[in-house]
Amino acid sequence: MTIVDAYGDGLHRTFFDAAAAHPERTAVEVGTEWLSYAELRSRSLQVAHSLVATGGLAKPRVGVLASRSTSMYAGILGVLAGSGAVVPLNPGFPQERTRQMIELAGAQALVADAAGLAVLEPLLAGIERALVVVVDDADQAAALAVRLPRHRFVATSAGIGETTGFSPLAASPDDLAYLFFTSGSTGTPKGVGVLHRNVVRFVQMSQERYRALGIGDAGRQDRFSQFYDITFDSSMFDLFVGWSLGACLCCPTLPEWINPNKYIEKRALTVIDIVPSTGHMMDRGNGWRAGRFPLLRLARFGGEALSADLAAKLALAAPNAAIDNVYGPTECTVDASYYRWDRKRSPAEALHGVVPIGTAGPRVTLRVVDADLVDVPVGGEGELLIAGPQVTPGYWKDAERTAKSFIRLPGSDQVHYRTGDLVRRAPEGAPIPYLGRMDYQIKIAGVRIELGEIEQAMRSASGSDEVVAVGWPPTTSGASGVVGFVARPKVEMTELRARLKEMLPGVMVPKELRVLDRLPLNVNGKVDRKALLEDLRAGVPA
């Protein structure tokens, strides 16, 4: 069976085919706990059977409320194997935001690990409609059913497997596989539905690229990092590309994550995937000294702009690794283009010290257009558009936003996604330079942030309509934090900060809040964000 023909039954086949080929291999390690492919297969089928056996859940959207556990991986695979779509949820997020995601998704069920159980009761207390909740232990399920009778609690079905007549259910290419929520400019999380055909094509494209490096060779087992949170779409590379190549997925515990360099060495990782902000943190104190990671064979940067200095540093620290800068928004399923770092050629190709986003992946089309959606000439600057089989159908239950961002150009039968990224059109076959964002969307530590969502929370928490959030201070990857400006708030700053911490994930909470008598306006009567940024650059005190 060729790569292109593989996984016709859905994304989860990437794992189940590998489990059939080498059941004895280790599939996942979390701290001191590990599961073989056969064991993870069994546990995921238990979750799948528990969902299917409840009845009435046809192709359900299922929240996986879990963090850094083998149960998390069994839950993700179990949802897919039970014909469901994964809605990844982080137990550490503010509960109101998690409730929003559950409601927006129309989730019919949840799968919770120990971290999820720790926040489950207060979370469910705020949800009126009944949910099916799958947990690992029958005693836990019984106790929760007494305390929260509105919801139905079931334990994973021990002993279930193909020998007892239960097999993974097939998915059609147009079935929903994942529903990710990203920051939304209106203050509401924005849903992106990823179909099985979208992510299966991504897995195939990744195989095509990385098998050429010997990743996944039959005579050895690669060891992939799993540093990304499952709410980040890049985590699909770690899980499904790794498993498709028979790799061991290595997930650090929170204490291990404090020193990822040590974790790479201790666990003998051969493939890592990180955001540049994480790389900068890892390189502090000469963390990426030359030759430190001889076992690494592939290192991927993604999620935000990559500086040439950082790429060069890792190339020296991992002398036997290919260094890839990968680019692609969630709406286009992880990767749309690639750039392979070359020690001799790349420094000259890095515009303003930023590594190019590279060239289009197989079957991906990249276009650079002006404000009228007309192709700019070579050397011209414009918005990057993406087309191809990895482009998702649009925004979840938001036809208006979808129509604005997913468009058909004259003379083309493909749907193109408007990225909002400013790039320079390169000659055919040459790498595309990245110039920055065209709007107020920023990235902090690889997480895409809509400043409008932060501003919406600031309005609600402060009682003032005059608020602005800006990314500050700037980095080559976006910004390292957010500064908020508010005119005449109706609450004290201590209370405002406390409210924002309850409303927003930690990465979105402004590091600094400045109170003004009024916000500066430009000649058009709009808030002058540039003036606020100039004050920050000049060190004007709050």
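The values are calculated or read from the model by the stated rules, or taken from the named source; none is laboratory data. Just so you know, these numbers come straight off a predicted model, no measurement behind them. Note: ideal-geometry Cβ built from the backbone for every residue, glycine included; neighbour counts use all protein chains shown. Areas reflect the complete protein model, heavy atoms only, side chains present, ligands, DNA and RNA absent. Shrake-Rupley method; radii C 1.70, N 1.55, O 1.52, S 1.80 Å.
Multiplying the residue separation of ALA125 and ARG499 by 0.36 nm and removing their Cα-Cα distance gives an extension gain of 132.6 nm.
For ASP528 and HIS352 in the same chain, what is the full-extension length gain: residue separation times 0.36 nm, less their Cα-Cα distance, in nm?
Working: separation 176, 0.36 × 176 = 63.36 nm, distance 2.61 nm.
Result: 60.7 nm gained on full extension.
Considering only alpha-carbon pairs that sit under 8 angstrom and 6 or more positions apart, the relative contact order computed for the chain is 11 percent.
Could you name the aspartates and glutamates whose alpha carbon sits less than 17 Å from that of LYS397, not counting residues in the same chain fewer than 8 places away? Partners found: GLU103, ASP174, ASP175, GLU331. Normalised Debye scattering of region 345-465 at q = 0.18, 0.19 Å⁻¹ gives log10 I(q)/I(0) of -1.07, -1.16, counting only Cα atoms as equal scatterers and leaving out solvent.
Nearest 0.05, what FRET efficiency do LEU316 and ALA268 give at R0 = 22 Å with Cβ-Cβ as r? Mind dumping the intermediate values first?
Numbers: r = 20 Å, r/R0 = 0.89.
Computed FRET efficiency for LEU316 and ALA268 comes out at 0.65.
Working from label points 7 Å from Cα in the Cα-to-Cβ sense, the VAL146 to VAL374 distance is 7.4 nm. Take the Cα of LYS59, step 7 Å toward its Cβ, do the same at ALA403, and the gap between the two points is 2.4 nm. Counted by Cβ distance under 10 Å from ASP370, the other residues give a net charge of -4, where Lys and Arg count +1 and Asp and Glu count -1. Solvent-accessible area of the chain (1.4 angstrom probe, protein heavy atoms only): carbon and sulfur portion equals 52 percent.
I need the semi-axes of the equivalent ellipsoid of region 1-72: take the C-alpha gyration tensor, multiply each eigenvalue by 5, square-root it, list largest first in whole angstrom. Show your work: numbers first, answer last.
On the way: eigenvalues 92, 80, 24 Å².
So the equivalent ellipsoid measures 21, 20, 11 Å along its semi-axes.
Each principal axis of the Cα cloud of region 1-129 was evaluated for its coordinate range; sorted largest first, these ranges are 47, 35, 26 Å. Label positions at ALA155 and ALA290, each projected 7 Å from the Cα along the C-beta direction, are separated by 5.9 nm.
The chain: longest stretch without exposed GluC sites (Glu not before Pro) (DSSP loop, at most 11 other Cβ within 10 Å), sites themselves excluded?
Working: sites that count: GLU24, GLU128, GLU428, GLU492.
Longest site-free region, per DSSP loop and neighbour criteria: 129-427.
For region 46-195, the dipole from Cβ point charges (+1 on Lys and Arg, -1 on Asp and Glu) about the Cα centre works out to 340 debye, to the nearest 20. 222 nm [θ] for the chain, helices only, -39500 (n - 2.57) per DSSP H run of 4+, per residue, to 500? It lands at -8500 deg cm²/dmol.
The residues neighbouring VAL509, those whose beta-carbon lies less than 11 Å from its own, together hold a net charge of +2 under the Lys/Arg +1, Asp/Glu -1 convention. Here's how it looks for ILE444: its modeled amide H is under 5 Å from those of ILE449, which are all 5 or more places away or on a different chain.
Past 20 Å, Cα to Cα, is the threshold; run LYS443/LYS530; LYS313/LYS344; LYS190/LYS530; LYS404/LYS501; LYS404/LYS530; LYS443/LYS511 against it and keep the listed order. Don't jump to the answer; show the numbers that get you there.
Numbers: LYS443/LYS530 18 Å; LYS313/LYS344 14 Å; LYS190/LYS530 27 Å; LYS404/LYS501 32 Å; LYS404/LYS530 26 Å; LYS443/LYS511 15 Å.
From LYS443/LYS530; LYS313/LYS344; LYS190/LYS530; LYS404/LYS501; LYS404/LYS530; LYS443/LYS511, over 20 Å: LYS190/LYS530; LYS404/LYS501; LYS404/LYS530.
Write down, largest first, the equivalent ellipsoid semi-axes of region 309-363 in whole Å, where each equals the square root of 5 times an eigenvalue of the alpha-carbon gyration tensor. Each step should come with its number before you reach the end.
Values: eigenvalues 91, 33, 19 Å².
So the equivalent ellipsoid measures 21, 13, 10 Å along its semi-axes.
For region 464-507, the extents of the C-alpha atoms along the principal axes are 36, 21, 14 Å, listed from largest to smallest. In a reduced charge model with +1 at each Lys and Arg Cβ and -1 at each Asp and Glu Cβ, region 417-542 shows a dipole moment near 160 debye about its Cα centre. Computed about its Cα centre, the charge dipole of the chain is approximately 600 debye, with only Lys, Arg, Asp and Glu carrying charge at their Cβ. Ranking ALA403, THR32, LEU351 by how far each Cα lies toward the positive end of the dipole of the chain (charges on Cβ) leaves LEU351 at the top.
Residues whose amide H comes within less than 5 Å of that of LYS190, counting only those at least five positions distant or on another chain, are THR182, SER183, GLY184 (H built at 1.01 Å from N in the peptide plane).
The Rg/Rh ratio for region 298-406, using Cα coordinates for both the radius of gyration and the Kirkwood hydrodynamic radius, is 1.03.
Against the empirical curve 2.2 N^0.38 Å, the C-alpha radius of gyration of the chain lands at a ratio of 0.97.
Taken per residue, the accessible surface of the chain reaches 40 Å², heavy atoms only and a 1.4 Å probe. From the residues TRP288, SER244, SER225, which one has its Cα farthest along the dipole of region 210-298 in the positive direction, the dipole being from +1 and -1 charges on Cβ of Lys/Arg and Asp/Glu about the Cα centre? Looking along the dipole axis, the top candidate is TRP288.
Counting charges near TYR228 (Lys, Arg +1; Asp, Glu -1) among other residues having Cβ under 10 Å from its Cβ returns a value of -4.
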